[in-house]
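Colleague: Input: one structure, supplied below.
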């Protein structure tokens, strides 16, 4: 067991509706404008708006064969992972592959894949069902595809904890480094939530913003008139590294992940505890794990869902 309690962040990969790099996304965020707009994929549904990544040619970025084998969520994660590795100035051709892990979060996998293939099956066209539908639909495959692409032969798995899946992946990745099981772990999450079944289910739950006539003002967390969130897509992957490993190779350390914690409200299938009890306990436990006090915190990234129940909690 290592006596190290933190993981160094040495690389960042990011694709969002705000841009297909971290810098581009930050520039867009600083403009302070909404990115939601009418989505042709959702045409005819009660809520037909989303935030989507434009001008991304997956076939050009990944090659036609690989792009066609994978679904949209995996396209995004794979490109984010490549970005993160390049940003960290790591070379998969020479790294110690058995010491490189991949831990990725997935909240719902690809409902679009299920819908398309089940439609074929329901019409009696079983002979048209893609043999890759199985590998596209297995949640663990987003991590496996990154490992295949970058030759990472260490621990490899996907975690699912709904909207906190990416944060959970970072926490688990840190544990692998602290335990001495890995020198490097690629950790993060990706999702493409722009599918008709997901949009329908969230609409039935009354979780989506209904501002379809004014999409740029949809999803207003903590606003008195908030009415829900907007479906979106994106991926973020960080390179987490053992501090000694990063030091030996002269890596630029962007941040240190010092503490993490997880709790469960055990309150309701989808609604948070009305007083945010589970979230509060997780934050207190994470601070304790990091050896920090509340006064040490300079930024809080809120889970602002723009729903009355979520924002109140």
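Derivation of every value follows stated rules applied to the coordinates shown; laboratory data play no part. Just so you know, these numbers come straight off a predicted model, no measurement behind them. So basically every Cβ, Gly included, is an ideal-geometry build from the backbone, and we count neighbours across all protein chains shown.
Colleague: Using the alpha carbons of the chain, what is the convex hull volume per residue in cubic angstrom, as a whole number? Don't skip to the answer; put the middle values down first.
Modeller: Values: hull volume 47.9 nm³, N = 313.
Each residue corresponds to 153 Å³ of Cα convex hull volume.
Colleague: In terms of the Cα gyration tensor, with a ≥ b ≥ c the square roots of its eigenvalues, is region 10-82 rounded because a/c is under 1.5, prolate because a/b exceeds b/c, or oblate?
Modeller: oblate
Colleague: Over 18 Å apart: what share of the alpha carbon pairs of region 261-313 falls there, rounded to a whole percent?
Modeller: The share of Cα pairs beyond 18 Å in region 261-313 comes to 36 percent.
Colleague: Using alpha-carbon pairs under 8 Å, 6+ residues apart, how would you state the relative contact order of the chain in percent?
Modeller: Relative CO of the chain lands at 27 percent.
Colleague: Calculate, in nm to one decimal, what residue 302 and residue 277 gain on full extension: separation in residues at 0.36 nm each, minus their alpha carbon distance.
Modeller: Here the answer is 7.5 nm.
Colleague: Set the Förster radius R0 to 30 Å, insert the Cβ-Cβ distance between residue 255 and residue 153 as r into 1/(1 + (r/R0)^6), and round the FRET efficiency to 0.05.
Modeller: 0.70
Colleague: Next question, about the same structure. Can you give the calculated 222 nm mean residue ellipticity of the chain, where each DSSP H run of n ≥ 4 adds -39,500 (n - 2.57) and the sum is split over every residue, rounded to the nearest 500 deg cm²/dmol? Show your work: numbers first, answer last.
Modeller: Working: 12 runs with 112 residues, N = 313.
Using -39500 (n - 2.57) per qualifying helix, the result is -10000 deg cm²/dmol.
Colleague: Could you tell me the relative contact order of region 261-313? Use alpha-carbon pairs under 8 Å, at least six residues apart, and round to a whole percent.
Modeller: 41
Colleague: Let me ask something else. Measuring from the lowest to the highest alpha carbon on each principal axis, how far does region 182-313 reach, largest first, in angstroms?
Modeller: The Cα atoms of region 182-313 stretch 54, 31, 26 Å along the principal axes, largest first.
Colleague: Arrange 182, 264, 292, 51 by Cβ neighbour counts within 10 Å, fewest through most, would you?
Modeller: Going from sparsest to densest Cβ surroundings: 264, 292, 51, 182.
Colleague: Related question: Looking at the P(r) of region 105-217, how many percent of alpha-carbon pairs lie beyond 24 Å?
Modeller: 43
Colleague: State the volume of the convex hull built on the alpha-carbon positions of region 1-130, expressed per residue in Å³ and rounded to an integer.
Modeller: For region 1-130, the hull spanned by Cα atoms encloses 203 Å³ per residue.
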